[in-house]
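Q: One structure, as structure tokens, below. Some questions next.
The values are calculated or read from the model by the stated rules, or taken from the named source; none is laboratory data. Small disclaimer: the values here were computed from a predicted structure and weren't measured. Methodologically, a virtual Cβ is constructed for each residue, glycine included, from the backbone with ideal geometry; neighbour enumeration extends over all protein chains shown. Ligands, DNA and RNA are excluded from the accessible area calculation, which covers all protein heavy atoms including side chains. Shrake-Rupley method; radii C 1.70, N 1.55, O 1.52, S 1.80 Å.
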Amino acid sequence: VVQQSLPLLHESDRPDWLREALAAQPKLKPTKNPAWLYHNLLPDLVLGEQRLDEDLVLKVIQAIQSSTPERPHALLIALKAHAASASLASFAWAVFEQWLQGGAISKENWAMHVLGYLGDDSVALRLAALIRIWPGESQHQRAVTGLGVLRTIGSDTALMQINGIAQKVKFKALKEHAGEAMTQIAMARGLSRQELEDRIVPDCELDERGERSFDFGPRQFRFVLGADLKPMIRDAQGALKADLPKPNSKDNMGLAEQAIADWKLLKKQIAEVAKIQALRLEQSMVTGRRWSSMDFTNLLVRHPLMTHLVRTLVWGSYDAQGQLTQTFRVTEDQSYADYQDNGLTLAEGSLIGVVHPLHLSEALKGSWGELLSDYEIVQAFPQLGRPIYRLTDNEREATEITRFNTLNIAAASLVFGLDKQGWLRDAPADGGGFSGHSKQFLAAHVTAVVQY
């Protein structure tokens, strides 16, 4: 027997918004619970300091069953707006888990869509991990449905999970579905895919300086992004730790428990976001993507999380002809400095991009490397130290590079290696085979094609 810690919300105490939602169309009709659903074992649904009674819980289940992603029942919308977010997420995940354990009957996949109606960022992260593995368990359609659930959740974290699957997952069909979903979302918002990706980076509840405090009452701890993009904690004495300490007798236990729960979610978010965004920034360097100075400032420099990544890189200002005019870094106070650590301002109308080392002299690379080393800055990805390959004089005048024609490469290494670097496979032939990849390099106005 579980001791219930919160009092029941009695019918006479129901707030007006709840009464209105219960009376909304379509009317809730009693439905038979499936054999796999044990509603009495579900976590509490919490409103303020009270929990919903059994009758209301059953009505919530009826509302879930009568909803569609395009038209969730008014009761679910109202609960999402007023109920405790953590309790809704726990309730939804418990329904979903009971469905999985009960055989995951496809005609009852409303138990999966509940994650979209009531889920939060923690649900999005847990669901995305399952979506990535389901095709390998012969559950491709369930994975596709999962992408739709992430769209229903609709938060920046949820959309970033779709984007991450579109960029990197070993199941081609699922990757294509995720890519199509991102394209549809971008079109609906009047944006390009890249512009959408810039705008769905979650802030992880960091402040405008990229900081966040975790409060134990007498003690406070601050988030720090470590050199390897790993979230760390700094205490009041300035010591860095990999995790929050255990609460002691002097701490406020309520505050400490909430801080620990928030910290666990932040760690998961940071691990996902930093990895995906570092890869995006690296590919923007490779392909020569440029941002307007306004977008660069608002979407990258002043973004609470992206600011940590952009500080590790050398950036360039380019003129209208695409020529590099100056190089700079983003400082701790979100201003700009050159390789001699002198402050500078960006030229009006300039375009900003991650500098490719091909465009830097050896002397300038050395100066930047020395400055970053002095500040103990570890780059988010290999930039200054990456290998460089230059065209020969003959290749500069040619349209085909033939120096690799005699190489023999294992098929998996070649194909998956190109996939990982953002190259797109050719359309498959009738038998499903393909023999080429292509990739756009925007700054060079070139599409490269490799055939094998």
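Q: If you go through region 1-42 one residue at a time, how many are under 12 Å from residue 75 (Cα atoms) and of a type in the set (Val, Ile, Thr)?
A: Final tally of qualifying residues: 0.
Q: Here's a follow-up. Tell me yes or no: at least one residue of region 211-233 is in a loop (DSSP other than H, G, I, E, B), touching a strand residue (DSSP E or B) at 6+ places or on another chain (Cβ under 9 Å), at pLDDT below 90 and of a type outside the set (Phe, Trp, Tyr).
A: So in region 211-233, the residues in a loop (DSSP other than H, G, I, E, B) come out as 211-212, 216-219, 226-230.
Checking which are touching a strand residue (DSSP E or B) at 6+ places or on another chain (Cβ under 9 Å) leaves us with 211-212, 226.
Retained after the next criterion (residues that are at pLDDT below 90): 211, 226.
So of that shortlist, the ones also of a type outside the set (Phe, Trp, Tyr) come out as 211, 226.
Yes, the conditions are met somewhere in region 211-233.
Q: Mind listing whichever residues of region 405-444 are outside any loop (DSSP other than H, G, I, E, B), touching a helix residue (DSSP H, G or I) at 6+ places or on another chain (Cβ under 6 Å) and under 22 Å from residue 173 (Cα atoms)? Step through it out loud before you land on a result.
A: Of the residues in region 405-444, the ones outside any loop (DSSP other than H, G, I, E, B) are 411-420, 424-425, 436-444.
From what's left, touching a helix residue (DSSP H, G or I) at 6+ places or on another chain (Cβ under 6 Å): 437, 441-442.
The one that is outside any loop (DSSP other than H, G, I, E, B), touching a helix residue (DSSP H, G or I) at 6+ places or on another chain (Cβ under 6 Å) and under 22 Å from residue 173 (Cα atoms): 437.
Q: Of these, 402, 447, which one is open to solvent by 60 Å² or more (accessible area, probe 1.4 Å) and in a strand (DSSP E or B)? It would help to see each step written out before you state the result.
A: On the way: 402 fails: in a strand (DSSP E or B).
Going through 402, 447 in turn, just one is open to solvent by 60 Å² or more (accessible area, probe 1.4 Å) and in a strand (DSSP E or B): 447.
Q: Go through (1) touching a Pro at 6+ places or on another chain (Cβ under 9 Å); (2) open to solvent by 50 Å² or more (accessible area, probe 1.4 Å) and name the single condition residue 386 misses.
A: (2)
Q: State the number of residues belonging to region 225-261 that are touching a residue at least 60 places away in the same chain (Cβ under 8 Å) and either at positive phi or among the acidic types (Asp, Glu) (or both). Before you say what the answer is, go through the steps one by one.
A: Kept after step one, since they are touching a residue at least 60 places away in the same chain (Cβ under 8 Å), are these residues of region 225-261: 225, 227-229, 261.
The next check asks that each one be either at positive phi or among the acidic types (Asp, Glu) (or both); those that pass are 228-229.
The qualifying residues number 2.
Q: Are any residues in region 299-358 under 28 Å from residue 206 (Cα atoms), in a strand (DSSP E or B) and open to solvent by 60 Å² or more (accessible area, probe 1.4 Å), and if so, which ones?
A: Those that are under 28 Å from residue 206 (Cα atoms), in a strand (DSSP E or B) and open to solvent by 60 Å² or more (accessible area, probe 1.4 Å): 343, 351.
Q: Examine region 257-273 for a residue that is open to solvent by 50 Å² or more (accessible area, probe 1.4 Å) and more than 19 Å from residue 206 (Cβ to Cβ), and state whether such a residue exists.
A: There is at least one residue in region 257-273 that is open to solvent by 50 Å² or more (accessible area, probe 1.4 Å) and more than 19 Å from residue 206 (Cβ to Cβ).
Q: Moving to a separate point now. Does residue 39 qualify as being surrounded by fewer than 17 Cβ atoms within 10 Å (Cβ to Cβ) and either touching a Phe, Trp or Tyr at 6+ places or on another chain (Cβ under 7 Å) or touching a residue at least 24 places away in the same chain (Cβ under 8 Å) (or both)?
A: Numbers: surrounded by fewer than 17 Cβ atoms within 10 Å (Cβ to Cβ): yes; either touching a Phe, Trp or Tyr at 6+ places or on another chain (Cβ under 7 Å) or touching a residue at least 24 places away in the same chain (Cβ under 8 Å) (or both): no.
It is false that residue 39 is surrounded by fewer than 17 Cβ atoms within 10 Å (Cβ to Cβ) and either touching a Phe, Trp or Tyr at 6+ places or on another chain (Cβ under 7 Å) or touching a residue at least 24 places away in the same chain (Cβ under 8 Å) (or both).
Q: Scan region 409-426 for residues that are open to solvent by 70 Å² or more (accessible area, probe 1.4 Å) and in contact (Cβ under 8 Å) with a residue 60 or more places away in the chain and jot them down.
A: Selection gives 416, 420, 421.
Q: Could you look through region 274-295, keep only residues that are of a type in the set (D, E, K, R) and not in a loop (DSSP other than H, G, I, E, B), and pick out the one that is surrounded by the fewest Cβ atoms within 10 Å (Cβ to Cβ)?
A: First pass over region 274-295, keeping only residues of a type in the set (D, E, K, R): 275, 280, 282, 289-290, 295.
After this cut, where a residue has to be not in a loop (DSSP other than H, G, I, E, B) as well, the list is 275, 280, 282, 295.
Numbers: 275: 14, 280: 21, 282: 20, 295: 16.
Filtering first and then ranking leaves 275.
Q: While we're on this one: Considering only region 94-126, how many residues are more than 21 Å from residue 79 (Cα to Cα), of a type in the set (A, V, I, L, M, F, W, C) and open to solvent by less than 40 Å² (accessible area, probe 1.4 Å)?
A: Final tally of qualifying residues: 3.
Residue-by-condition table, conditions (1) modelled with pLDDT of 95 or more; (2) within 19 Å of the chain's Cα centre (by Cα):
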{"position": "88", "(1), (2)": "yes, no"}
{"position": "92", "(1), (2)": "yes, no"}
{"position": "104", "(1), (2)": "no, no"}
{"position": "108", "(1), (2)": "no, no"}
{"position": "137", "(1), (2)": "no, no"}
{"position": "159", "(1), (2)": "no, yes"}
